[in-house]
Amino acid sequence: MNDRKGFGSNFGFLMAAVGSAVGLGNIWGFPNKMGANGGFPFLILYLALALCCGVIIMLGELALGRKTGHGAVGAYQSISKRFKWLGWLGIAAAALIFSFYSALGGYCLRYVVVNFGNLIGAEFGTNGVGGADVFQGLLSQPDVSIAFALAFMLITMLVVMSGVGGGIERVCSVGMPALFFILIICIIRSCTLPGAADGLKYMFVPGWAVANGIIDEAPGFWRVLTAAGGQMFFSLSLGAGVMITYGSYVKKDVNLSRSLSQIELFDTGVAFLAGLMIIPAVFVFSGMDGMSSGPSLMFVSLPKVFASMGVAGPVIGLVFFVMVAFAALTSCISIMETLVANCMEIFHQSRKAMSLTVGVLATAAAVVVCLGYNVFYFELTLPSGATAQILDLMDYISNSFLMPFISFLTCIFVGWVIKPQWIIEEMEASGHTFGRKKLYAFMIRYVTPVIMAVLFLQSAGVFNLVQELF
Ligand code: TRP
């Protein structure tokens, strides 16, 4: 049972949980979705959702894990056999996310190498090739993208194999503070560029973008709400059993309620800071076209920004991508840890054996994702109207479908089956009082599940379907 040792210190747990939450979702997803959804309206809805739903759901997940001492499947099973499948559903979401997250992690590694090449003027830099072509080249060359995904997977596997206290905690405790520091340096550079003020106004001044003709009309409420909702689940690592698993490693004397506020604050803070770094810079160099470039924002628009920064460009480019790759790594570790920890419990195997098995299966899935842009290329229209390839499809199923659905059921489970008092007792088991108990009980029973259900129905396309029928 030595394999199931938990976090050594409170700080270690905090950094591991922050490491899970802070990832591509914050640095890439948040600025990109905020850019595509009108700036300010997205920011406000995101903050509201994180407060009304994110905090409530994460609290339930962490407490479920700590009180039962099990991963997602074991946690639900130990309380009620009837709900075991909910744990499995979370594992399915984690597995789906894992397959594309490692492919994306591979892209980040590739960009670290390219930027290093730029810095030392080597062959393997961009060599004057434009940002869009470098990215297109990566997508269309399966051997390159697969090689980097493999490397990324290997690093993740090595850390997870070294265990919770030894590997995960150690990597996150050094890396997360460093990441924060680098981000601040990048923001200072970005916000002092001439013309950066427009990007800041786009983010913070309500109505500015429409009044100044930056966008023709404000994006619709439902569109912004679903974008903000999907972003919240993903960014806080909710609905995939991750926080249940991490919760199970936390010592009984830790003040969970305080840790929760810190995780939320860090996660939202980093997303916000990433917005502050990326949006003004992209506004300066490519205007609204850069903002609406969607997912290619980080791999196409940002390299353009770095390229036009003169001598400082290659250094900042390299530092930035090292930071992104690291953030992706700590998130990927949490997903793999969830899969490995649950498999260890279910199949009664060692950490090493399960890390290898999960690693091999996930590698196969990552290869399929990388091939989705070339060999297996197809175009599928999602209920949201967007065109999807394999990666987008996996993202859609996990993020827009499974996560709101699982979170809705978690609220029902906590609010109506085991009752909020069960969670409140666990929050107070450390001897700390849990303030706002009544508010929590009210939210988890009446408010959060309703918002979750609406988000689920909207992002699954049910509302649109009903509208079309009548
Ligand atoms: N939160 C991470 C990010 O923002 C991604 C992530 C890690 C995740 N673990 C997760 C997403 C579990 C959903 C579920 O990039």
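Derivation of every value follows stated rules applied to the coordinates shown; laboratory data play no part. Here the structure is a predicted model, which is why all the values come from computation and not from measurement. Here Cβ is always computed from backbone atoms with ideal geometry, including for glycine, and neighbour counts include all displayed protein chains.
Paramagnetic label reach from Lys252 (point 7 Å along Cα→Cβ; backbone nitrogen cut-off under 20 Å): within the range 71-86, residues 71, 75-76, 78-79. Cross-link reach is defined here as a Cα-Cα straight distance under 19 Å, omitting same-chain residues fewer than 8 places apart; for Lys438 the lysines meeting it are Lys419. Near the amide H of Ala388, within less than 5 Å, lie the amide hydrogens of Leu380, Thr381, Leu382, all on another chain or at least 5 residues away, with H placed in the peptide plane. If you add up the charges near Gly54, with Lys and Arg at +1 and Asp and Glu at -1, over every other residue whose beta carbon is less than 12 angstrom from its beta carbon, what do you get? Net of charged neighbours comes to -3. Mean Kyte-Doolittle of at least 0.5 and a Cα length of 15 Å or more along the axis: which whole DSSP H helices of the chain meet both? Correct list, ordered by number: 10-21, 55-68, 84-120, 142-161, 170-191, 221-235, 256-291, 312-347, 351-371, 448-459. For the pair the range 396-470 / the range 1-51, the C-alpha centres are spaced 18 Å from each other.
Here's the picture: charge each Lys and Arg Cβ at +1 and each Asp and Glu Cβ at -1 in the chain, and of Phe320, Ser173, Leu371 the one pushed furthest to the positive end of that dipole is Ser173.
Taking a straight line from the alpha carbon of Lys81, not one of the aspartates and glutamates sits under 14 Å away once near neighbours fewer than eight places off in the same chain are left out.
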